[in-house]
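J.: There's a structure below that I have some questions on.
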Amino acid sequence: MTHRIPLSRPFISGKELEYVTQAISRGATGSDGEFTRRCASLLEDQFDIGKVLMTPSCTAALEIAAMLCDLEPGDEVIMPSFTFVSTANAVVRAGARPVFVDVRPDTLNINESSIEDAITERTRAIIPVHYAGVACEMDTIMDIARRHGLLVIEDAAQAVNAFYKGQALGSIGDLGCYSFHDTKNYVCGEGGAICVNRPDFVERAEIIREKGTNRAQFFRGEVDKYTWVDIGSSFVPAELASAFLLAQLEQLEAIQTLRKEIHEFYTHQLQPLEAEGLLRVGRIPDHSDSNYHIFHILLPDVGTRDNLLEKLREDKIGAAFHYVPLHSSPMGNRIGRTAERLRVTESVSNRLLRLPLFCGIAELERTRVVETIKEHLCLTARRTIQPKAA
Ligand SMILES: *Cc1c(COP(=O)(O)O)cnc(C)c1O
């Protein structure tokens, strides 16, 4: 009997219970306590970020970011269609319209050369999504944004502890958003953070995060009572979740090293199949230091992908595909604007497969994944004409 290999499994550093117990035994479970503050300072110090505010999720961080942009009905925000729904929802909830552009075939990140053609007089912001923890072309994107007077919100949900030319992802745009969801590299069940990289945004970000009140200023003694001053919502995380998260963040590098080894194992083992044109593995450009969040392969066509996925699932291997492109979803189609034919997005979403990647996946398990892929693809290749993965 073979056992099941999941797509991902949260890493436990060993100190989580101790920190959660500490918070409880000190009676310090209220919001923005010591552990929440320590998580924020650790991220600020480690990644050279002016201000980090912890949030209950990356979705919440994206919503704060969209509120900070003061979007109005009819305003447009440019983003890839190949992303998770939260990127677009934040913009829609703030009253604006997502404008979808294509991704690059190598990194599956927003195609920076598609951005300028999508800009209209209603465009207010660009949201680059660092897919799989690999950096978007940030120099070009920041340059376009400056020339057109647009804000940049980095969706760095998958990119905690990843870098572009030495700068931490999330710290480059005007705002950056992190996720600590159970499926990400550093976890606390549900969690997130917003990097406020512009000092002039900090005060308002604090207010929005505290339900539209100046409570943060009150606790610093800057005002003598706190009251409702702006829009906002409940965007402060639970202290117990932060206690758990701190134990993870203290192991940033150890976790990354483990993931890197698995990523490199797959890359190396699948190289012969890539050389034969049976699949393609993701690219990490030289300017990018990845955090190895996702390992994905691209198959030659949707049929091969679906058959391989079925085969892996039969062998109890938790492979998966994503995303259903947002422009083709019922909501995205109704509410968004598609700036161009999204050829790469449509093609890769049909051909992509993610392989199990988590700290502690055993050598035997990884080998089983690779062997199942090899067996299936070589068998299929022998039966048909040699396909070529573009
Ligand atoms: C996971 C993810 C999110 C949402 O993060 P949550 O913390 O679950 O809200 C947003 N964008 C991208 C690209 C993601 O991968």
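The values are calculated or read from the model by the stated rules, or taken from the named source; none is laboratory data. All values derive from a computational prediction rather than experimental measurement. A quick note on method: Cβ atoms are made from the backbone with ideal geometry, for glycine too, and the neighbour counts reach across all protein chains shown.
J.: Looking at R368, is it farther than 23 Å from K260 by Cα and not in a strand (DSSP E or B)?
T.: No; evaluated as a whole, the condition is false for this residue.
J.: Does V129 satisfy the condition of being crowded, with 20+ Cβ neighbours inside 10 Å, of a type in the set (V, I, T) and out of contact with any Leu (no Cβ under 7 Å at 6 or more places or on another chain)?
T.: When the stated conditions are applied, V129 passes them.
J.: Going residue by residue through the stretch 28-43, is there one that turns out to be within 15 Å of the ligand (Cβ to nearest atom), buried (at least 17 other Cβ atoms within 10 Å of the Cβ) and farther than 30 Å from L299 by Cβ?
T.: Yes, the stretch 28-43 contains a residue that is within 15 Å of the ligand (Cβ to nearest atom), buried (at least 17 other Cβ atoms within 10 Å of the Cβ) and farther than 30 Å from L299 by Cβ.
J.: Residues of the stretch 349-363 being surrounded by fewer than 20 Cβ atoms within 10 Å (Cβ to Cβ) and closer than 22 Å to N307 by Cβ, which ones?
T.: Scanning the stretch 349-363 gives N350, R354.
J.: With respect to Y186, determine if the residue is at pLDDT below 95 and among the hydroxyl-bearing types (S, T, Y).
T.: No, not satisfied.
J.: Within the set of pairs 6 or more residues apart or between chains, which connect a residue that is within 16 Å of P325 (Cα to Cα) inside the stretch 120-139 to a residue that is more than 16 Å from the ligand (Cβ to nearest atom) and among the acidic types (D, E) with Cβ atoms less than 9 Å apart?
T.: Once the first residue is within 16 Å of P325 (Cα to Cα) and sits in the stretch 120-139, its partners that are more than 16 Å from the ligand (Cβ to nearest atom) and among the acidic types (D, E) give P128/E112; P128/E137.
J.: Would you be able to say whether some residue in the stretch 109-119 is within 16 Å of the ligand (Cβ to nearest atom) and either at pLDDT below 95 or surrounded by 20 or more Cβ atoms within 10 Å (Cβ to Cβ) (or both)?
T.: yes
J.: Looking only at residues in the stretch 143-185 that are part of a strand (DSSP E or B) and among the small types (G, A, S), which one is farthest from the ligand (Cβ to nearest atom)?
T.: A168
J.: Counting just the residues of the stretch 47-85 that are among the small types (G, A, S) and surrounded by fewer than 21 Cβ atoms within 10 Å (Cβ to Cβ), which one comes out nearest to the ligand (Cβ to nearest atom)?
T.: G50
J.: Do you know which residues across the stretch 44-66 are under 26 Å from G95 (Cβ atoms), out of contact with any Lys or Arg (no Cβ under 8 Å at 6 or more places or on another chain) and of a type in the set (D, E, K, R)?
T.: Residue satisfying the conditions is K51 alone.
Let's see how each residue does on (1) closer than 18 Å to V281 by Cα; (2) in contact with a helix residue (DSSP H, G or I) (Cβ under 7 Å, 6 or more places away or on another chain); (3) of a type in the set (S, T, Y):
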{"position": "L308", "(1), (2), (3)": "yes, yes, no"}
{"position": "D315", "(1), (2), (3)": "no, yes, no"}
{"position": "S329", "(1), (2), (3)": "no, no, yes"}
{"position": "R334", "(1), (2), (3)": "no, no, no"}
{"position": "T338", "(1), (2), (3)": "no, yes, yes"}
{"position": "V348", "(1), (2), (3)": "yes, no, no"}
{"position": "L353", "(1), (2), (3)": "yes, yes, no"}
{"position": "F358", "(1), (2), (3)": "yes, no, no"}
